[in-house]
Every structure is written in structure tokens, then in C-alpha cells.
Amino acid sequence: MWVVGDRINGGRSLTSFEHAFAFRDAGFIVHDARIFKKRNTPLMRRHAYTNCYEFMFVFTKGLPSTFNPLRSPSVRSGTAQVPYLKGPDGFNRKTERSLSEHKVRTNIWSYAVGKNGTTSDMYAFKHPAMFPENLARDHILSWSNPGDLVFDPMCGAGTTCKMAKATGRRWLGVDVSSEYTSIAKLRLEETEEVTLSSLPSRPDPFDEPVASRESSASNEEVGLEEPISPCRWCGNEIPATRSQLTGGRAVTCSPECSDFNRRRRRAALRAANCTEQKGKT
Ligand SMILES: C[S@@+](CC[C@H](N)C(=O)[O-])C[C@H]1O[C@@H](n2cnc3c(N)ncnc32)[C@H](O)[C@@H]1O
């Protein structure tokens with residue numbers, strides 16, 4: 001499972017696609033290209049729609065050995081008249097059937113991000129790019145069984161390991177930064193071990209208990225990490241530090257951008273004036 005987003009700076013970097021091709025060239029099958037939709041995304045671009053997703057690629061070597069499909073509540077449940085037989089007269093006969101209360105999820109999953117959305121371990125936010133815990137949990141439930149080993153080779157603040165421990169899996173995490181691994185260790189110490197005997201061998205239909213609560217929460221309730229605003233000239237995302245300097249209000253992404261666009265605007269004004277003058281004479 002590889003979660004990756006594009007950098008957006010004067011256009012999309014398409015890093016996500018490059019990574020997918022690199023994994024495929026290395027011999028993996030792209031079993032699925034899924035979407036991680038962020039529920040609470042501030043307006044980030046002036047000349048494009050706000051980006052609200054990253055990719056979640058599932059790379060395999062053959063069929064995955066485990067797949068426990070997670071389920072969500074169906075919009076339609078209870079009983080309904082459903083067609084069951086088309087007679088020679090061309091009419092569908094209908095019968096009353098009870099509809100399932102849950103259905104297998106689609107490959108678009110959405111999660112709240114930021115404080116209390118990603119995690120409630122506030123000290124872990126020293127790491128700038130954590131997964132939402134629920135995202136890690138849902139993948140672990142989907143692709144592994146209790147007792148399996150979950151390995152995260154770039155574990156950062158230990159979200160995957162924490163959720164592996166919380167769901168009765170064994171875990172192994174590696175990160176290049178000792179600052180991040182010490183956060184991970186602390187989070188793991190605070191996570192209660194789940195005994196295998198207390199877990200079902202396959203997860204029950206999962207009805208997103210946290211997600212449904214989050215969906216009604218506003219950005220402020222779920223707590224964005226910091227205010228981010230688009231550059232007033234080009235609309236690109238402004239680095240958080242620069243945005244914070246002005247309390248998240250409109251600033252420009254760089255002095256160059258500001259100068260370039262100011263010159264462009266003056267030239268456009270001059271051209272407009274000129275046309276107006278010509279029209280008068
Ligand atoms: C997007 S973060 C992962 C965050 C993690 N999923 C979490 O929720 O905390 C990527 C991590 O990869 C680590 N990293 C980058 N290059 C690495 C490398 N060559 N070997 C191991 N870890 C690396 C970074 O230190 C960073 O913590």
C-alpha cells in the first residue's frame with residue numbers, strides 16, 4: 001500500500017503517477033489505484049478546484065493473499081420491490097425482498113485530516129505528514145489477518161504500527177529519522193495491545209463509526225493543522241510558515257510571483273487605457 005499525493009506548485013508534479021510507474025517497472029502489479037479523499041480541505045488554488053485527494057496504490061505480486069472487504073451502511077435498506085423474472089409478455093415480475101444493510105465499500109475512502117482527524121495524539125504532529133489513523137486501520141483490516149506481520153518501511157510517527165498493534169497484528173516500522181521513531185515508540189507504548197483471542201478471525205462488517213461522526217464536523221471542529229491560503233496572484237498553495245505570518249490571509253507565494261504579476265497587471269492596465277483612448281479619438 002503506497003499513499004502518495006502530488007506537489008502543487010505551478011502545476012501538479014504528477015509524483016503519484018511517477019511512483020506508480022516506478023513500482024510497475026520494478027515488477028509489481030498495480031492491483032488497485034484508490035483515492036484517499038480528505039474531508040476537510042481548505043481552499044488552496046485560485047485558478048483550479050481545491051485538491052482534496054491523494055492516491056492509495058495497492059501493489060501486489062499476484063493476487064493478494066488476504067482480502068477482507070470492509071463494508072459501509074447502504075443508503076437503501078429495509079425492504080423493496082425488486083424485479084426477479086421477466087415474463088414472455090416482457091414485463092418484470094417484482095417481489096418484495098429485504099435489502100442488505102451494508103455493502104462493500106468503493107475504492108474511494110474519505111477521512112478527516114488535521115488535529116483530532118488524523119490522530120488525537122497531539123505530540124505526534126511534530127511529524128508533518130501523518131496518515132489518518134483510520135486510514136491505516138482500514139487497510140490493515142482489509143489486507144491482513146490478526147497475527148500477521150504489518151511492515152511500514154517509512155513509518156514516520158508510527159501510525160501504521162500503532163494501528164497494527166490496536167488490531168491484533170504484529171508490526172515492524174523503520175524510518176530514516178530518529179526524531180520520528182521516538183514519537184512512534186511513545187505512541188506504541190501508549191497503545192493497548194489487543195489479544196488475538198479477543199478478535200474475530202475476520203472483521204465484522206465495518207460501518208465507519210468514526211467516519212460518520214466526522215462527516216458532520218466542520219473544519220474547525222476537526223481542527224486544521226494550520227491556516228493555508230492561496231497565493232493572491234497565482235493561486236498556488238502558500239507554504240504554511242509564510243501563510244502563518246499573516247494569520248492565513250492572502251499573501252503571495254514568493255516575491256518573484258508578486259513582482260511578475262504586478263508588472264503583468266500594469267501592462268494590461270496600460271493596454272486597456274490605450275484602447276480606451278483610441279476609442280475616444
Ligand atoms: C509520509 S511520511 C510517513 C508517515 C507515516 N505514515 C505516519 O503516519 O506517521 C514518510 C516518511 O518516510 C521517511 N523516509 C524518507 N526517506 C526514507 C528512507 N530512505 N528510509 C526510511 N524512511 C524514509 C520520512 O522520514 C518520513 O517520516
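The values are calculated or read from the model by the stated rules, or taken from the named source; none is laboratory data. Please read all numbers here as calculations on a predicted model, not as lab measurements. Note that we place each Cβ from the backbone using ideal geometry, even for glycine, and neighbour counts take in every protein chain shown.
Key figures for this structure:
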| quantity | calculated |
| --- | --- |
| Single condition Val82 does not satisfy, out of (1) assigned by TED's automatic domain parsing to the domain that holds Ile140; (2) aliphatic (A, V, I, L, M); (3) surrounded by 10 or more Cβ atoms within 10 Å (Cβ to Cβ) | (1) |
| Filter result for the condition that a residue is in a helix (DSSP H, G or I) and either at pLDDT 95 or above or away from the ligand (no atom under 14 Å from the Cβ) (or both), over Glu226, Glu193, Glu214 | Glu214 |
| Whichever residue in segment 142-154 is surrounded by fewer than 20 Cβ atoms within 10 Å (Cβ to Cβ) and within 15 Å of Thr181 (Cα to Cα) and, among such residues, is farthest from the ligand (Cβ to nearest atom) | Phe151 |
| Which numbered condition Ala164 fails, given (1) surrounded by 21 or more Cβ atoms within 10 Å (Cβ to Cβ); (2) farther than 26 Å from Cys52 by Cα; (3) in contact with a Leu (Cβ under 7 Å, 6 or more places away or on another chain) | (3) |
| Residue check for Thr159: over 17 Å from Phe57 (Cα atoms), near the ligand (Cβ under 10 Å from one of its atoms), surrounded by fewer than 23 Cβ atoms within 10 Å (Cβ to Cβ) and touching a residue at least 12 places away in the same chain (Cβ under 8 Å) | no |
| Residue that is surrounded by the fewest Cβ atoms within 10 Å (Cβ to Cβ) [pool: residues in segment 103-141 that are farther than 18 Å from Glu54 by Cα and of a type in the set (D, E, K, R)] | Lys126 |
| For His31: the one exception among (1) over 24 Å from Val113 (Cβ atoms); (2) without any contact (Cβ under 8 Å) to a residue 60 or more places away in the chain; (3) surrounded by 12 or more Cβ atoms within 10 Å (Cβ to Cβ); (4) out of contact with any strand residue (DSSP E or B) (no Cβ under 8 Å at 6 or more places or on another chain) | (4) |
| Single condition Val176 does not satisfy, out of (1) near the ligand (Cβ under 9 Å from one of its atoms); (2) within 21 Å of the chain's Cα centre (by Cα); (3) free of Cβ contacts under 8 Å to residues at least 24 places away in the same chain | (2) |
| Residues being under 19 Å from Gly5 (Cα atoms) and part of a strand (DSSP E or B) - total across segment 42-90 | 7 |
| Hits in segment 1-28 - residues which are exposed (fewer than 14 other Cβ atoms within 10 Å of the Cβ), within 16 Å of the ligand (Cβ to nearest atom) and among the small types (Gly, Ala, Ser) | Ser13, Ala22, Ala26 |
